[in-house]
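Shown next, in structure tokens, is the structure this report addresses.
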Amino acid sequence: MRRVLLTGNAAAAWGARLARVDYVPAFPITPQTEIIEALARWIDAGEMAARLVTLESEHSMITAAGAAAATGVRVFSATSSQGLLYGMEMLYTVAGWRVPWVLVNVSRGLSAPITLEPDHNDVLAARDSGFLQIHCAGCQEVLDSVLLAYRLAEDARVRLPVIVNLDGFYLSFTREPVSIPEPAEVDALLPPFDPQGLAFRAGAPLSQAVAVLGGGPYSYFRYQVQLAAQNALAVYDEIAADFAERFGRSHPAVEAYQCDDAEVVLVMMGSFATKARAAVDRLRDAGRPVGLLRPRLLRPFPAAACRRHLLGKRALAVIDQNLSPGQGGVLATELAAALYGRPGAPLLASFIGGLGGRDIPPEELFEIARVTEAAAERGETPPPRLLYTEAELRELRKLQTIAAVERDRRGPAP
Amino acid sequence: MSEQETRYRSTRDLPSLHLLGTGTPMCAGCGGLEALHQIYDQLGERSLILNAAGCMTLLAVYPYTPFRGSWLYTAMASAPAGAQGARDALDILVAQGRLPPEEDLRVVVLTGDGSAYGMGLSATSGAIERGLDFLYIVYDNEGYANTGQQYSGATPHAALTATSRLGAGFPGEKKDLFAIWVAHRPAYAATVIGAEPLDLARKVEQALAIRGPKLLLALAPCPTGWDFDPQRTVEIGRLAVQTGVWPLKEYRDGQVVHTKVPRERKPVEDYLRTQGRFRHLFEPERQDALIAAWKARVGTYWASVET
């Protein structure tokens, strides 16, 4: 084991390298590109025995990944944002093929307007695809989660592809100390890929992903995906326990921080949860019983684990780094569904923040805790709040003024 | 291919054992299926077909398939990328000693013109550019036939389709997919038609002998989409060749060679008259300008070939 400073992108690449992936179909997109560059460099230098092929789009990349996995090799790929959405048709398709492989998504806000900075609308657009999803908050977690993801995907009770998500910039380009496990230790955790007889061979012709007629067969195969995804909850716990025993690092499906005696719990996913964790420490210093819950698994959704931590609390502040226009935050609805009708279900206040890399500074987290406590006091669920400060609005007004001046200077369109 | 190089010197040499199962849901008289039957006789069961959305997606409907080999339905746009992933995976497995070479498969894309001329063009271009070792079979029925023959990038000028139903028909021109392939300098490219089995067999034989990207572009007379009686599929296919509308040719070693040049081309009208989609060129009154444009297009093509 070595302990080095790695970016989240480098940690993802190390995860793929240690997993001894055979095949990397690739396509560049910011902020993911470093991952495939690192893999290409290792492969060219002979440090990694894999084949990397750059496709002409993410749609093709995901198709090639699925077809290669269906042929029986271990596959890795990475994308971001527009790329994930460009390949969306194939995310659903290859999940239906029941091929295990791992796709790293480096989260980035979606167009329009086009941006490079992160939020979770990209990866949440894949929520219903059949891919399982693991969300990371740190660089070590990225490396470890790639390894966990292969074990999970390839388990005979699951056989579904997995997305490992990390936030663009905040993790992708941020160096943190990361322990790189010895290859032999990883080999013991992750044996070579066994396609379990489901692979294309001349001597054993196989038709895969054929059309069905009627809702009966269609529903049957879709339900199979649901059952496999549900199996993944228990399988994940097994694998995470095995991993913790081997490596001494715990990556539960849901990470709870200071939740046991908390009255108000902040709920967040991804790297911004580390900001909430720091805010919890400050609030605790001030004598406020606040905790943090961070689901690492989004699919399958660890509803029972969330309930275990949350039933009996006074209130939740769910902070979504995504926006479902006309509804609000996606994680808020996931939690509401997990808690609805259960005795002791807390009040749920929903906040939208961190879109397109917008910061959520400590003061906002304190304010969120205060607003949530007050709502619990009144017993009234507040409407979803969109985080934005007066200072930000003033800055935006300046930009609008400049835009107006520029427009007027050019005069009316001919 | 010279006669000395081919095992198909006459129709007597054509395969007598047919490998593709019958009783599929394709329409009666499907010119695409006619070509596929012949291609599959040589391709055989040691093949993996990556299918793009189209009529032939319905060949394999759970739990039945007419294929003796393997099949993976992908999507409309990315069958060549599926071929890339499968080919690469097979190569990796053979190189690692995890797959005995005799378990290796030929990787084949099966697509209609809707994907080949349009949505799948980017993925196809990428696969050719990467030198992928695959066979790319197009059944070109000149429209989005599976959805009821709306016009596609393969639809010829003046054809009536479900989205060019009235007036002079489709205003555009048929895209030259063969030329697009040739511009990529592939290992092999050929136009074929099911009604010319000997020419087709030699081209399949040729394609299977070469590594790299290979095109078999089959004009697929479509009784349903072109509006003719299914029993006339072979006749219409022959007319397409004899009138010069569908030139049979192949590209190899950097050269385009015409494999069946009609000595005396039959009038283009003989082909157009057989199909309801061109009936408006003749009834209720003859559209001389449109017919002249068709003749000019075919004449110009062959003038460029024959000089």
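The values are calculated or read from the model by the stated rules, or taken from the named source; none is laboratory data. If you're wondering where the values come from, they're calculated on a predicted model, not measured in any experiment. Note: ideal-geometry Cβ built from the backbone for every residue, glycine included; neighbour counts use all protein chains shown. Quick note on the areas: whole protein, heavy atoms, side chains included, nothing else; ligands and nucleic acids left out. Shrake-Rupley method; radii C 1.70, N 1.55, O 1.52, S 1.80 Å.
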Practice problem: Find the eigenvalues of the gyration tensor of the Cα atoms of the protein assembly as shown, then list the square roots of 5 times those eigenvalues as equivalent ellipsoid semi-axes, largest first, in whole angstrom. | Solution: 55, 30, 23
Quiz item: For A:THR274, what accessible area in Å² do you get when you roll a 1.4 Å probe over the heavy atoms of the protein chains, rounding to the nearest 10?
Solution: 70 Å²
Practice problem: Take the alpha-carbon positions of chain A, form their convex hull, and give its projected area averaged over all directions (one quarter of the hull surface) in nm². | Solution: 25.4 nm²
Exercise. Scan around B:VAL109 for amide H atoms under 5 Å from its own, H built in the peptide plane at 1.01 Å from N, and keep only partners 5 or more places away or cross-chain.
Key: B:LEU50, B:LEU135, B:TYR136, B:ILE137
Quiz prompt | In region B:158-197, trypsin sites (Lys or Arg not before Pro) in a DSSP loop with at most 13 other beta-carbon atoms within 10 Å | solution = B:ARG165
Practice problem: Would you work out which of B:GLN287, A:ILE239, B:GLY32 lies farthest towards the positive end of the dipole of the protein assembly as shown? Charges go on Cβ: Lys and Arg +1, Asp and Glu -1. | Solution: B:GLN287
Exercise. Work from the charge dipole of region A:62-197 (Cβ charges, +1 for Lys and Arg, -1 for Asp and Glu, about the Cα centre) and give the residue of A:THR93, A:VAL104, A:GLN82 farthest towards its positive end.
Key: A:THR93
Practice problem: In whole angstrom, note down how far apart the Cα centers of region A:281-328 and region A:333-381 are. | Solution: 8 Å
Quiz item: Does region A:254-391 come out rounded, prolate or oblate, given a ≥ b ≥ c as the square roots of the eigenvalues of its C-alpha gyration tensor, rounded meaning a/c under 1.5 and, failing that, prolate meaning a/b above b/c?
Solution: rounded
Quiz item: What average count of beta carbons from other chains do you get within 10 Å of the Cβ of residues in A:208-215?
Solution: 6
Self-check item: Charge dipole magnitude, Cβ of K and R +1, D and E -1 - region B:194-307, Cα centre, debye nearest 20
Solution: 320 debye
Self-check item: Computed magnitude of the charge dipole of region B:3-306 (debye, nearest 20; Cβ of K, R +1, Cβ of D, E -1)
Solution: 200 debye
Exercise. Scan region B:261-307 for GluC sites (Glu not before Pro) in coil per DSSP, keeping those whose Cβ has at most 16 other Cβ atoms within 10 Å, and list them by number.
Key: B:GLU264, B:GLU285
Quiz item: With all protein chains present and a 1.4 Å probe, how do B:HIS258, A:HIS59 order by accessible area, largest first?
Solution: B:HIS258, A:HIS59
Practice problem: Post the alpha-carbon centroid distance, region A:82-112 to region A:54-73, in whole angstrom. | Solution: 11 Å
Quiz item: Top to bottom by accessible area (1.4 Å), largest first, where do B:TYR117, A:TYR170 land?
Solution: A:TYR170, B:TYR117
Quiz item: region B:47-66: which residues show an accessible-area loss of 40 Å² or more, assembly versus chain alone, 1.4 Å probe?
Solution: B:VAL61, B:TYR62
Quiz item: To the nearest 20 debye, what charge dipole does region B:1-112 have about its Cα centre, counting +1 at the Cβ of each Lys and Arg and -1 at the Cβ of each Asp and Glu?
Solution: 140 debye
Practice problem: Using a 10 Å cut-off on Cβ to Cβ distances, tally the other chain neighbours for every residue of A:45-55 and report the average as a whole number. | Solution: 3
Quiz item: Just how far, in whole angstrom, is region A:130-202 from region B:252-307 if you go by their alpha carbon centroids?
Solution: 58 Å
Self-check item: Cβ-defined net charge surrounding A:GLY287, 15 Å radius [Lys, Arg +1; Asp, Glu -1]
Solution: -1
Self-check item: Solvent-accessible area of A:ASP260 with every protein chain in place, 1.4 Å probe, in Å² to the nearest 10
Solution: 140 Å²
Self-check item: Computed log₁₀ I(q)/I(0) - Debye formula, equal Cα scatterers, no solvent, region B:150-240, q 0.22, 0.23 Å⁻¹
Solution: -1.12, -1.15
Self-check item: J(HN,Hα) series, region A:344-354, from Karplus relation 6.51 cos²θ - 1.76 cosθ + 1.60, nearest Hz, glycine and proline x
Solution: x, 5, x, 5, 10, 9, 10, 10, 10, x, x
Quiz prompt | Surface/4 estimate of mean projected area, convex hull on alpha-carbon atoms of chain B, nm² | solution = 16.1 nm²
Quiz item: Could you give the angle, 0 to 90 degrees to the nearest 10, between helix A:330-339's Cα long axis and the longest principal axis of the Cα atoms of chain A?
Solution: 90 degrees
